[in-house]
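Novice: I have a structure I would like to understand better, so I am pasting it below and will then ask my questions one at a time.
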């Protein structure tokens, strides 16, 4: 009977790794296309975001690449929100990058991104605007 649970565990790990890889690839593509659009004020928003998330007990990373993954994940959160996904749906994506996050930390991650990074990255379109 142990064999099916080992198979199940391997399958769960495989699914989690593949989801993380897909998110990393999507994030890399988005980051490479948005480099030219980065505003100098983004550094302050990024610092504010990292501070908010850290204060909730979520480890944002100890090395520059780890911090960049955190910021890229937040950018993905902003894009999903901008594309019409609800915050509740977006929260479900956070554990793919932060598997130890609690539901409260997942919600806090999305709220922090909305309050700091999404505002500067995605200004809402106004009806009848000149675009």
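None of the figures in this text is laboratory data; all of them are computed from the coordinates on show. Only a predicted model underlies this, so the values are computations on that prediction, with no experimental measurement involved. Glycine also receives a Cβ, built like all others from the backbone with ideal geometry; neighbour counts cover every protein chain displayed.
Novice: Label residue 66 and residue 102 with points 7 Å out from Cα along Cα→Cβ: what is the distance between them in nm?
Specialist: 2.0 nm
Novice: While we're here: On full extension of the chain, what length is gained from residue 56 through residue 92, given 0.36 nm per residue of separation minus the C-alpha to C-alpha distance?
Specialist: So the extension gain works out to 11.2 nm.
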